[in-house]
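Here is the structure we will look at.
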Amino acid sequence: MSDEYVLGIESSCDETSAAILKNGSEILSNIVSTQIATHVLYGGVMPEIASRLHLENIGYVLDQCFQKAGIKPEELSAVAVTGKPGLIGALHVGVLSAKTIAAFYDKPIIDVHHLAGHIYANEFCGEFKFPLLAVVVSGGNSELVLMKKHLDFEIVGETLDDAIGESLDKVARALGLPYPGGVAIDKLTKDQQIVPLRLPHVHVKGYNLSYSGIKSALVREINEKKDQGLLTPELVKQYAFSVEKAFVDQLLDKAFKAAEEYNVRQIVMGGGVSANSYLRKEITSRGEGKFEILIPPLWCTTDNAAMIAKAGYRMWKEGMVSTLSFAPEASAELGR
Ligand code: KG4
């Protein structure tokens, strides 16, 4: 059997990325150009700037990707691209590039859901065992996804308001920490003994989650402390750890309850927030002796095209190929 090469392209938010995967597992190249240094100036991702930077970077990123892999476009088996969800202008850049390559070289194109990519990132460090529960936590998503087989996604719980990542970012911003706030909170609290503040317990039905109540209450309280000149560096640390712990505890309480009810064999995790040290430690210790826990390698928690190629490879094998007329979508539920 001849070798199979899948090109992955990712441009849904603030990373421009292209990767080539050999036979569905070997990463020949995974080029990631991040825009964080630009967006940090604004305290968050500026969509219009993101689109323009993707446009500037995509040619260079694709060039590097093919060069590093030592593969010519003619040799590709398929082209996989993040088609949804994300910043619409940003998505267009990746999708148009993918369509151009697919059309010119007559290759099948695969429209990959960004969160499927985050889930399949776990397959770079282990095999899926079904049924499994995927905990997907990023800047824009917080979802508990039940998978009974490959590419079969059932959302059993999700945030009813804000996502965990954006909520962390907003509290961090009030604390005067740099963007991305989740990363700054992690850095500030990692491996430290910090006594958390008592925060209200959030009651949400079923396996759904809610972050905006705690976020808004904390931002208000922090701003008041700032106005009174009472926000000391020690208090900043304490707020940072308290919010991180409250958000993660809520997430994992729900995730482990769902895992028990659905009798899963494995819990996997994905998305930017899955890089969080406290979350990684907690999920591992809570799972001990109960569930096998699969955590993506740190390099694969941030947006990258290798994970898109990974999910895309699986879709291609299942015949889930799109036509060149598909359009990117800013919002789209996983599995629909
Ligand atoms: O998946 P991602 O890169 O982008 C999308 O939202 O698609 O996730 C970005 C989010 C940001 O909110 C960022 O603050 C958060 O992930 N994040 C973290 C950590 N690294 C990234 N949050 C907590 N701890 C981290 N180590």
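The values are calculated or read from the model by the stated rules, or taken from the named source; none is laboratory data. Only a predicted model underlies this, so the values are computations on that prediction, with no experimental measurement involved. For neighbour counting, all protein chains shown are included, and Cβ atoms are generated from backbone atoms with ideal geometry for every residue, glycine included. With ligands, DNA and RNA removed, areas are computed over all heavy atoms of the protein, side chains included. Shrake-Rupley method; radii C 1.70, N 1.55, O 1.52, S 1.80 Å.
Using R0 = 22 Å, the C-beta based FRET efficiency linking L96 and D152 works out to 0.15.
Heavy-atom accessible surface of H54, to the nearest 10 Å², is about 0 Å², with a 1.4 Å probe and all protein chains retained. For the range 1-102, the extents of the C-alpha atoms along the principal axes are 50, 21, 20 Å, listed from largest to smallest. Summed over all non-identical Cα pairs, the Kirkwood treatment of the range 127-295 gives a radius of 16.3 Å.
Placing unit charges on each Cβ (+1 for Lys and Arg, -1 for Asp and Glu) gives the chain a dipole about its Cα centre, and among A255, P131, A332 the Cα reaching farthest toward its positive end belongs to A255.
With Cβ to Cβ distances under 13 Å as the rule, what net charge do the other residues near V95 carry (K, R +1; D, E -1)? Overall, the nearby charge balance is -1. For the range 127-295, averaging the sequence separation of C-alpha pairs within contact (under 8 Å, six or more residues apart) and dividing by the residue count gives a relative contact order of 30 percent. Projecting label points 7 angstrom from Cα along Cα→Cβ for L160 and E261 puts them 1.4 nm apart. Loop-located GluC sites (Glu not before Pro) in the range 121-184 (DSSP state not H, G, I, E or B) with no more than 10 neighbouring Cβ atoms inside 10 Å: E127.
With only Cα atoms counted, the chain has Rg and Dmax values of 20.1, 70 Å.
The distance separating the Cα centre of the range 193-211 from that of the range 111-187 comes to 17 Å. Electrostatic bookkeeping for P297 treats Lys and Arg as +1 and Asp and Glu as -1; over the other residues with beta carbon under 12 Å from its beta carbon, the sum is 0.
Residue separation of D191 and T284 scaled by 0.36 nm, minus their Cα-Cα distance, works out to 31.9 nm of gained length.
Note on the range 231-336: Rg/Rh from C-alpha atoms, Kirkwood Rh, equals 1.07. Rolling a 1.4 Å probe across all protein chains gives S12 an accessible area of roughly 10 Å².
Stretching L235 away from T38 to a fully extended chain increases their span by 68.0 nm, per 0.36 nm per residue minus the current alpha-carbon distance. Accessible surface ranking for F326, F130, 1.4 angstrom probe, highest first: F130, F326.
Given the pairs K22/K215; K205/K281; K107/K254; K254/K310; K22/K257; K84/K226, which are separated by over 32 angstrom at their Cα positions? Long pairs (Cα-Cα over 32 Å): K22/K215; K107/K254; K22/K257; K84/K226. Across the range 245-284 the C-alpha pair distances fall into 5 Å bins from zero in the proportions 5, 22, 34, 25, 11, 2 percent.
Per-residue packing, averaged as other Cβ atoms within 10 Å, sorts the ranges 100-109, 312-321 into the order 312-321, 100-109, beginning with the highest. Using the Cβ atoms and a cut-off under 14 Å, what net charge is assigned to the surroundings of T38, where Lys and Arg are +1 and Asp and Glu are -1? Counting the neighbours of T38, the net charge comes to -3. A helix-only calculation puts the chain at -13500 deg cm²/dmol for mean residue ellipticity at 222 nm, using -39500 (n - 2.57) for each DSSP H run of at least four residues, averaged over all residues.
Expressed as a whole percent, the accessible surface of the chain that belongs to carbon and sulfur atoms is 51, based on a 1.4 Å probe. I'd like the orientation of helix 233-261 relative to the chain: the angle between its Cα long axis and the longest Cα principal axis, in ° from 0 to 90, rounded to 10. For 233-261 against the chain, the angle is about 60 degrees. A full extension of the chain between D227 and K129 corresponds to an added length of 30.1 nm, given 0.36 nm per residue minus the alpha carbon distance.
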